[in-house]
């Protein structure tokens, strides 16, 4: 069955004509998608506002993504219908989202870069715990130096928090939120980073590793879960922000105007939505009337749903979240 790639822009009330254009195909091979406008509409009629964060899905297919408005975390059902918003007390700075199953429950993890906190919350919005600045690390003089941008949780419950907008340290805590160690730090060395913007637990090689988006060094890095540096990955990325995995492939949101799909060996499978105008890449203020179907502006967050559809959040002040619906292929390469 031919599937569609859809765009979601919770703007009010009118969207640019370009966002209502016919379907456009992106990608190649097993990562072929189509872009069709109109995925979700906000029944409340509120503008989406600045999209500066991440995307996650729970086991029922509900989608969670964040904005810099008082609707800090927005929840849509599996059909893209607006359900509710969460975390109003965390308006203006939620950055990255992770949904994790623990026993028979699921929980939201996120960071808040301006409050300097890492947070665990129930899917109903109840606070479970929060971690402030890691004073015990000895890496900071004041709490104001700490601006976390991403969080990852290992299978044993260890928590990793990336200080991407601060000093580029990654801080590790155990399952009881007790400080363990810090590693990385600002720089261009093999185990240093300039904006460790996104984190992902990469289990594809067998032993789990921590995958890091070393954004301003234009590369990815791998560490083991004891903080030991494993390798620098010189993949074809410009300014990598965050990750999402489907099967053995990982999508990388690249702030400089595209999404890149990498295989298990970190080879490029395909690029999606590459912005042809360098002047629009990584620009927050590009107005909706300049958006075009099939072209991203500043990809900041990505997420796959259970069917392999890919969702992309552009960092733009008017707010833009796009759904790319996966196009299945027959063995001979023809679309279904």
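Read the figures in this text as sums done on the coordinates, not as results from a lab. Predicted model only: the values in this text are computed from it and were never measured. Here Cβ is always computed from backbone atoms with ideal geometry, including for glycine, and neighbour counts include all displayed protein chains.
Can you find a residue that is within 22 Å of residue 68 (Cβ to Cβ) and more than 13 Å from the chain's Cα centre (by Cα) anywhere in region 258-274?
no
Taking (1) touching a helix residue (DSSP H, G or I) at 6+ places or on another chain (Cβ under 8 Å); (2) surrounded by fewer than 17 Cβ atoms within 10 Å (Cβ to Cβ) in turn, residue 88 satisfies each apart from (1). Counting the residues of region 223-233 that are free of Cβ contacts under 8 Å to residues at least 40 places away in the same chain and within 27 Å of residue 296 (Cα to Cα) gives 1.
Table: residues versus (1) over 24 Å from residue 297 (Cβ atoms); (2) without any contact (Cβ under 8 Å) to a residue 40 or more places away in the chain; (3) buried (at least 19 other Cβ atoms within 10 Å of the Cβ).
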residue: 150; (1), (2), (3): no, no, yes
residue: 186; (1), (2), (3): yes, yes, no
residue: 194; (1), (2), (3): no, yes, no
residue: 200; (1), (2), (3): no, no, yes
residue: 204; (1), (2), (3): yes, no, no
residue: 207; (1), (2), (3): yes, yes, no
residue: 235; (1), (2), (3): no, yes, no
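A count restricted to region 154-184 and to residues that are touching a strand residue (DSSP E or B) at 6+ places or on another chain (Cβ under 8 Å) and without any contact (Cβ under 8 Å) to a residue 12 or more places away in the chain stands at 0.
For residue 150, state whether it is in contact with a strand residue (DSSP E or B) (Cβ under 7 Å, 6 or more places away or on another chain) and at negative phi. Taking the combined requirement at face value, the residue satisfies it.
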